[in-house]
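The values are calculated or read from the model by the stated rules, or taken from the named source; none is laboratory data. Quick caveat: nothing in here was measured; it's all calculated off a predicted structure. For neighbour counting, all protein chains shown are included, and Cβ atoms are generated from backbone atoms with ideal geometry for every residue, glycine included.
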Amino acid sequence: MRTSVTGVILILWMGNAYATEFYRWIDKSGSVHYSDHSPTGPVRKLEQRKLDANVIDGQASYLVKDAVQKNPVVLFGGDCGPLCANAKNLLEKRGIPYALKEPQKNKEDAEALNTLTGAMELPVIKIGKEMIKGFEPTQWNAMLDEAGYPKTRIPDRRKIEAQNTNQTK
């Protein structure tokens, strides 16, 4: 048992900072094994698992997940011209996950917007329980900051690694 726990800790510690796959299996004698290679002999139970980024690399994603849980972002937008396009760009540039509601295309979204604001003006952003009509980048950024969202997009290290690998080929 102690060997298995030590093995898991070593895998977690030695694993690279990017998502990695590993195997967990139980052998014929009932011992649990962990490895980054699949077993070669007969086993009773085999599971393939995936480890996400380590704690240090995952801190930013934790911040985003925590902010989303506490203060989800809903954008009422759609095809309202440059204001809606700029609103989407701001959220995407910061890497903010959001739900897009399009009142012009969806009756339920139109009713939700009318209930929220009493009008059919776009864009509108709702962050947690707070709401802002119209697009004003300074206000939106301040509200997103207050809600706990990162100020800039957190780079995905796996994508960076893939780009670096492709550049060296």
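A few remarks follow.
- Condition met for residue 131 (touching an Asp or Glu at 6+ places or on another chain (Cβ under 8 Å), of a type in the set (A, V, I, L, M) and surrounded by 12 or more Cβ atoms within 10 Å (Cβ to Cβ)): no
- Taking the criterion of being of a type in the set (S, T, N, Q) and at pLDDT 80 or above, the residues of the range 15-37 that qualify are 29, 31.
- Residue count for the range 99-140, restricted to those that are aliphatic (A, V, I, L, M) and assigned to a loop (DSSP other than H, G, I, E, B): 3.
- Single residue of 99, 110 found to be surrounded by 16 or more Cβ atoms within 10 Å (Cβ to Cβ), in the same structural domain as residue 65 (by TED's automatic domain parsing) and small (Gly, Ala, Ser): 110
- Conditions (1) under 16 Å from residue 145 (Cα atoms); (2) without any contact (Cβ under 8 Å) to a residue 40 or more places away in the chain; (3) assigned to a loop (DSSP other than H, G, I, E, B): number failed by residue 96: (2)
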